[in-house]
Structures are given as structure tokens and as C-alpha cells.
Amino acid sequence: MSDTPSHEAAPPAPSAPPPGLAQALFGRCHGIGLASGAGGAGWGIMLLLTIPDKSSVLFFEGIMLEYVQDGEPKTKSIDLLNLRPDTDAIALVEEIQRGEPLITASCKEHVIHLVRRLQEKLGENEDHKFHFFKVLRAHILPLTNVAFNKSGSCFITGSYDRTCKVWDTESGEELRTLEGHKNVVYAIAFNNPYGDKIATGSFDKTCKLWSTETGECYHTFRGHSAEVVCVSFNLQSTLVATGSMDTTAKLWDIEKGEEVVTLSGHSAEIISLSFNTTGDKIITGSFDHTVAVWDVGTGRMLHNLVGHQGEISNAQFNWDCSLIVTGSMDKTCMLWNAMTGTHIATLTGHSEEILDVCFDYAGQRIATCSVDGSARVYDAETQKCIAKLEGHSSEISKICFNSKGNRILTASSDKTARLWDAATGQCLQVLGGHTDEIFSCAFNYTGNIIITGSKDNTCRIWH
């Protein structure tokens, strides 16, 4: 049957954490974590960071331990409000360990490492300047997308040359090439927060699931009748979603390699996919001018967000999944209640089509970018424009926040990327060097590395 995926190999499934070891859910808002355990199963300790009162200053709340007791997930927080860059990390962790049996001897070194990483963040200079590090020329045709894994240790590039490449961030060396697609590799994604699997969506109408470590293809998902143009994992890394020019989206079981459900209801191409954090809902944005909210378990459409007068360019949940933001070719951005599907506000100001939209990690700000060459920042609560980002000489196709939410990165067809102050709209830096339009860009999670992908067939790393 056409909708039966081919099975190359069975991917390893995440296993339950050892007793007393906390589960690492790095995808939580402002989390920095370190995975431990054999095979990258993703069990460890997680640190939660919070951003209070819309300030761009980052505060470090403490350690959030997630564990299983009597079959039930539990959480416990440890206050680190008094942590300073000069605090003795070893002495601090030993003191915590004396009163916290969850932090066993086997966890101790990992916790010390994470505390030191927090100390590094506390001591960072806010005026960090990025410097060109390396240009990567391995693709023989233009790039389509770039994406980091959660830790930022490696990243991937998709290309019109039908391949996806995996790169080491620190050295800029190519780790492996994922080959097998018969047409353009257009959509790429890691299964963050784990990062041990990669999904690639192609114009050959298939999606492939790969091992990050070995490059082995676990599954080829077949069933779409047109190009696959967007892919997304749920945070639990049990499903991958594919959106296609055939007007449908499909959900696939990662372990079994089987189709779970087809989401049918749009009347035009689906170009955007986004799971909520709990994994029970997914939104799809379409060229039919609407965004649909779906129940993942049943495949039933819960809400149809109708109001835009042009094609949807992107749609996203905020972190707590209470809001949905949508950008459109009708030059507007709209804010919606994710629970009820009701329209909250229309954000205006751009004079041309909006090509991308995103929330910051705290869900307090919304950023938009447009064909008009400008970007804008809105307050999610008041829906007021708080900053205008002006300086690019041509359209901006991609925009993203760093994890702190105080910096914005834009990619433009004027062959440059720009770094901006999210609060003031001031341009802090112009990243030049590409010889053709830049259509993809990303921060690593800690915000000290940038990658840019261009139509000139290259990717550039900035430190």
C-alpha cells in the first residue's frame, strides 16, 4: 500500500530512567540540561531558568528534579537564587546533596557541571559581539534550512542537492551526510530535546527518520501524494508530523515506523506545523488562509482559525500553549486563544506580506518579519508594537529570538543577517559575507553561536 512506510532499522526507544535519577526534559521553558545514561536515552537533571516581569535580564531559579515514584511522575525544585559566578560549585552541590537523596553519587558530577554552566551564564557579557568563524561549502546546491540540536553541539543543513548534512558546531567539521532522498531536502528537524534523531522532509513526497549518531535511516515514511515541506517532532519524541503540498498532514509513530493518523480538512497546501508542549495538540498553517488546531490522539479538528485574508506563512504556540500566533501574506499577524480558538487581536504595521513570526521563549513577546524589509516586536499581553527593526535593504524571510529573549536574529535577501536588541529595536551587528540571499538562521540554545544558510550554497558559523 502507498501509505505503508518502509523499514530500514528499528530506532532505539527512550527507556525509563534508573531509580532515583531525574528525567531530563530540556525542552521546558528556559531549561539547560545535560543528558546522561547509555545510548543517549535522555535521563539526567534539568535546570529551570525564569524571566520575571518582562525584563531582558535572565534570572536562574534553580534545579528542577523530575523523577518517577510508584509509577507516577514527580517534581521537586531546589532554590539557587543566591548562586553567583564566584560560588564554589563543588561545595554548593555537596551541600545540596546532603539534603537531597535524589542527587546520587552518580549524578553529582553532572549537577556540578550544570551549576558551572549557570555560573558562566551569570558572568556573560551582554554586549557579546559575534565573529565570523567558518564557511561550510560542502553542499553543491543552495541550502534550504538549518537547525541546531538542543545542546548546540551539532547542527544540520538541508539542501537542493537532495542531502542533509550533520556538522560539529565547535570545529565546523562535517560529521556525516544523510543520503537517500530522490529530490530536494526541504524540511529538517532534530527530535529535541533528545537530539538523537533527525527527520527530513523532501520534494520526493517522503519523510525519512535518521540516527544522528550513525546516519542510519530508520524509516522512510510514504503516503503523501505531493512534496513534504514541513516536519516537526513532538516534545516527547514519540511522533513526527509531516505537512505536505497535498493539503494534508500526517502523524507517524517513530518507534514502529507507521502512520498514526492523517489530518484532513485544509483546502490548500500545509506549510507550517507545531506541536504543543504536552504533545496532545498540533496546529497546521495553510495556504487556504486558515490555521487548524487538531487533537493528536484522534486526528479530529478542534478549531479552525479563520480571519486572515491571505496565505499563512507560519503559526506557533507560546510555551504554556495558551496562545497561538499566526503570520500571513495579508500583511498582518493574529493572536488567538489556543483553548477556545477565538481571535484575540490583529497586529498591524507591516506594509507588505509577513514571512515569519515567532514567540520568545517566555511567551511575552512576538516578533514578525516582512517583505517590506522590516521586523517588529509586539508585547503579547498588550498587543502593542514595542520596537521596529529597520535596516535591511530587502525582504526578511526568517526571524528568531535567543533563549534569553533579549536578542533577535533576522535573515534577509540583502545577503546579510542582523542582530538586534529586542527591547529597543537597535541593530547591534550586521553579519555579512554571503554572496546571495540568506533564508535561514538560528541561535544555539545558549545564544553564543549563530548559523546562517544561504542560496550561495554555503552555511556560515559565527562565534
**Prompt:** Hey, got the Cα dimensions of segment 348-463 along the principal axes, in Å, largest first?
**Reply:** 41, 33, 19
**Amide H contacts of Leu431 (H built 1.01 Å from N, under 5 Å, at least 5 apart or other chain)** = Ala417, Arg418, Leu419
**Message:** Per residue of segment 231-245, what does 6.51 cos²θ - 1.76 cosθ + 1.60 with θ = phi - 60° give for ³J(HN,Hα)? Whole Hz please, x for Gly and Pro, Karplus curve as stated.
**Reply:** 9, 7, 8, 6, 5, 7, 6, 10, 10, 10, 9, 10, x, 9, 5
**Message:** Once neighbouring chains are kept in place and the probe is 1.4 Å, which whole percent of the accessible area of segment 92-248 is contributed by carbon and sulfur?
**Reply:** 48
**Prompt:** Can you give the extra length, in nm with one decimal, that the chain gains between Glu216 and Glu173 once fully stretched, where that is 0.36 nm per residue apart less the Cα-Cα distance?
**Reply:** 13.6 nm
**Request:** Determine the share of segment 356-463's accessible area contributed by carbon and sulfur atoms, expressed in whole percent, with a 1.4 angstrom probe.
**Result:** 41
**Request:** Would you mind checking which residues have amide H under 5 Å from Tyr186's amide H? H placed 1.01 Å from N; only 5 or more apart, or other chain.
**Result:** Gly201, Ser202, Phe203
**Asked** Label points 7 Å out from Cα along the Cβ direction at Glu120 and His343: separation in nm?
**Response** 4.7
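The values are calculated or read from the model by the stated rules, or taken from the named source; none is laboratory data. Please read these numbers as outputs of a predicted model, since none were measured by experiment. So basically every Cβ, Gly included, is an ideal-geometry build from the backbone, and we count neighbours across all protein chains shown. In case anyone asks, the SASA skips ligands and DNA or RNA and just uses the protein heavy atoms, side chains included. Shrake-Rupley method; radii C 1.70, N 1.55, O 1.52, S 1.80 Å.
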